[in-house]
Amino acid sequence: MKQRSIGNVQVSAIGLGGMPMSIEGRPDIDRSVRTIHAALDAGVTLIDTADAYHLHADEVGHNETLIAQALASWSGDTSDVLVATKGGHLRPGDGSWTVDGSPAHLREAVEGSLKRLGVDAIGLYQFHRPDPKVPYADSVGTLRELLDEGKIRLAGISNANVEQIRQAQEILGGRLVSVQNQFSPAFRSSEDELRLCDELGIAFLPWSPLGGIAKAGELGSHFAGFAQVAEAHGVSPQQVTLAWELAKSEHVIPIPGASRPESITDSVRAAELTLTDEELARLDQAA
Ligand SMILES: NC(=O)c1ccc[n+]([C@@H]2O[C@H](COP(=O)([O-])OP(=O)(O)OC[C@H]3O[C@@H](n4cnc5c(N)ncnc54)[C@H](OP(=O)(O)O)[C@@H]3O)[C@@H](O)[C@H]2O)c1
């Protein structure tokens with residue numbers, strides 16, 4: 001599969017988002033492991049997760065544990081797979097999502113992720129979401145310390161605006177390697193952050209790149225322009241969407257979620273799909 005870079009690490013141009021395998025509507029463990037194995041079989045070397053991808057309060061890190069299990073049971077060499085996890089979000093177990101960006105929480109969260117992933121250092125650690133109660137500089141400053149201590153190899157941020165990206169880049173002394181923001185045909189307001197990442201050479205990881213778990217399957221019926229281009233190429237509207245995102249910048253690496261092997265197997269083909277300039281311009285306008 002085509003490769004892109006996160007910092008000095010080469011990864012597949014399409015990653016796998018782990019969230020659908022651990023939150024509401026998740027499948028059984030066997031299907032999840034088969035989904036992760038299908039991604040690895042297809043050449044995926046970036047898997048996105050978070051300690052907050054779980055349902056009940058007593059199963060923090062459900063998704064990280066699942067990924068560690070799937071990597072351990074895959075027949076191939078997993079040494080080039082980058083597992084990107086996150087900290088700073090919590091799920092108390094009532095369906096809600098809360099935030100804690102305090103240095104104490106982030107430090108504790110990293111220790112938990114290290115254990116569950118079974119590694120000495122986390123490949124890519126992303127601060128999940130700004131916490132309005134904690135100065136951004138304190139949360140990102142903790143990432144800097146974790147980098148310096150060698151607990152994390154690469155540092156990223158998520159749900160950040162232009163100002164926060166610039167601030168994080170400064171605090172990290174130029175070592176910010178990724179920004180993970182929502183971006184899809186339905187949600188295009190992260191275009192400014194995508195452009196800034198392109199300018200700074202930072203990887204931009206669109207989250208919910210297909211519009212999110214509930215709507216991804218029907219993307220073609222909501223966005224006729226994407227469905228038309230898909231028909232012309234004989235591929236799925238989801239593949240067209242991911243190819244359109246990839247074409248926005250060489251620094252874009254979409255992380256489509258999946259809970260079925262067929263979904264990720266189809267999505268990775270987007271890396272080989274080339275759209276014309278005219279098609280890309282039409283999709284930029286397509287409602
Ligand atoms: N940083 C953040 O705050 C944040 C927030 C949300 C998500 N994320 C990350 O971003 C990842 C992706 O977002 P998401 O999972 O919310 O939404 P998404 O990627 O837009 O949609 C996921 C759904 O798309 C379906 N799908 C994937 N490929 C498909 C294909 N080729 N054809 C048809 N359906 C397809 C999957 O269905 P099946 O389940 O049937 O396979 C899956 O449930 C997450 O998994 C998570 O890692 C991060």
### Query
Based on Cβ point charges of +1 for Lys and Arg and -1 for Asp and Glu, what charge dipole magnitude is obtained for the range 159-284 about its Cα centre, in debye rounded to the nearest 20?
360
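Using only the heavy atoms of the protein chains and a 1.4 Å probe, how would 255, 213 rank by accessible area, largest first?
On the way: 255 10, 213 95 Å².
Putting 255, 213 in descending order of accessible area: 213, 255.
Counting pairwise Cα distances across the range 76-141, what percent come out greater than 16 angstrom? If you can, show how the numbers build up before the last one.
On the way: 1088 of 2145 pairs.
Everything past 16 Å amounts to 51 percent.
Apply the a/c threshold of 1.5 to the C-alpha gyration tensor of the range 201-253 and tell me whether it is rounded, prolate or oblate.
Working: a/c = 3.10, a/b = 1.48, b/c = 2.09.
Oblate shape, in that a/c is at least 1.5 and b/c is the bigger or equal ratio.
Could you tell me which of rounded, prolate or oblate describes the range 215-287, using a ≥ b ≥ c as the square roots of the eigenvalues of the alpha-carbon gyration tensor, with rounded for a/c under 1.5 and, failing that, prolate when a/b is larger than b/c and oblate otherwise? All intermediate terms of the calculation are to be shown ahead of the outcome.
Numbers: a/c = 1.64, a/b = 1.20, b/c = 1.37.
Oblate shape, in that a/c is at least 1.5 and b/c is the bigger or equal ratio.
How far, in nm, would the chain grow between residue 231 and residue 282 when pulled straight, counting 0.36 nm per residue and subtracting the alpha carbon separation?
Values: separation 51, 0.36 × 51 = 18.36 nm, distance 1.45 nm.
The span from residue 231 to residue 282 would gain 16.9 nm if fully extended.
Want the number for residue 166 to residue 138: 0.36 nm per residue separation, take away the alpha-carbon distance, what's left?
Between residue 166 and residue 138, full extension yields an extra 8.6 nm.
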### Message
I'd like the distance separating the alpha-carbon centroids of the range 241-255 and the range 49-121, in whole Å.
### Response
25
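Among all lysine pairs in the chain that are eight or more places apart or on different chains, how many have alpha carbons less than 16 angstrom apart? Could you put the intermediate results ahead of the total?
Details: 2/248; 86/115; 86/151; 115/151.
Count of close lysine pairs: 4.
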### Task
With a point put 7 Å past each Cα toward its Cβ, work out how far residue 104 is from residue 74 in nm, to one decimal.
3.8
### Query
Suppose every K and R has +1 on its Cβ and every D and E has -1 on its Cβ; what is the size of the dipole of the range 138-222 about the Cα centre, in Debye to the nearest 20?
240
### Query
Dipole magnitude of the chain about its Cα centre, charges +1 at Lys/Arg Cβ and -1 at Asp/Glu Cβ only, in debye to the nearest 20?
160
### Query
In Å, what Rg and Dmax follow from the Cα atoms of the chain?
17.8, 53
### Task
Once you have the Cα-Cα distance between residue 55 and residue 111, take 0.36 nm times their residue separation minus that, and quote the gain in nm to one decimal.
18.1 nm
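Could you tell me which of rounded, prolate or oblate describes the range 1-114, using a ≥ b ≥ c as the square roots of the eigenvalues of the alpha-carbon gyration tensor, with rounded for a/c under 1.5 and, failing that, prolate when a/b is larger than b/c and oblate otherwise? Before the final figure, lay out the partial values.
Numbers: a/c = 2.15, a/b = 1.40, b/c = 1.54.
Because a/c hits 1.5 or more and a/b fails to exceed b/c, the range 1-114 counts as oblate.
State the percentage of accessible surface on the chain attributable to carbon and sulfur atoms; use a 1.4 Å probe and exclude ligands, DNA and RNA.
On the way: 5880 of 11900 Å².
Looking at the chain in its full context, I get 49 percent from C and S.
Given only helices, namely DSSP H runs of n ≥ 4 each adding -39500 (n - 2.57), what is the per-residue ellipticity at 222 nm of the chain, to the nearest 500 deg cm²/dmol?
Details: 11 runs with 117 residues, N = 287.
Helix-only estimate at 222 nm: -12000 deg cm²/dmol.
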### Task
Using only the Cα atoms of the range 132-287, each taken as one equal point scatterer with no solvent, compute I(q) by the Debye sum, divide by I(0), and report log10 of the ratio at q = 0.14, 0.15, 0.21 Å⁻¹.
-0.72, -0.80, -1.25
### Task
Calculate the translational D of the range 131-190 in whole µm² s⁻¹ from Stokes-Einstein, where the hydrodynamic radius comes from the Kirkwood formula applied to all Cα pairs, the temperature is 20 °C and the viscosity 1.002 mPa s.
175
#### Entry: Candidates per chymotrypsin sites (Phe, Trp or Tyr not before Pro) in the range 156-240, loop by DSSP, up to 10 other Cβ within 10 Å
none
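From largest accessible area down, sort 21, 1; use a 1.4 Å probe on the protein chains. Please report the intermediate quantities before stating the final value.
Details: 21 0, 1 70 Å².
Greatest to least solvent exposure: 1, 21.
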#### Entry: Spin-label pair residue 30/residue 5, simplified geometry with 7 Å Cα→Cβ offset, distance in nm
4.4
### Message
Can you find, among 158, 174, 184, the residue sitting farthest towards the positive end of the charge dipole of the range 120-206, where Lys and Arg contribute +1 and Asp and Glu -1 at Cβ?
### Response
184
#### Entry: Residue among 204, 226, 251 farthest towards the positive dipole end of the range 179-255, charges placed on Cβ
226
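The values are calculated or read from the model by the stated rules, or taken from the named source; none is laboratory data. Being a predicted model, the structure only gives us computed values, none of them experimental. Positions of Cβ are generated from backbone atoms using ideal geometry, with glycine treated the same way; all protein chains shown enter the neighbour counts. Note: accessible area is taken over every heavy atom of the protein model, side chains too, but ligands, DNA and RNA are not part of it. Shrake-Rupley method; radii C 1.70, N 1.55, O 1.52, S 1.80 Å.
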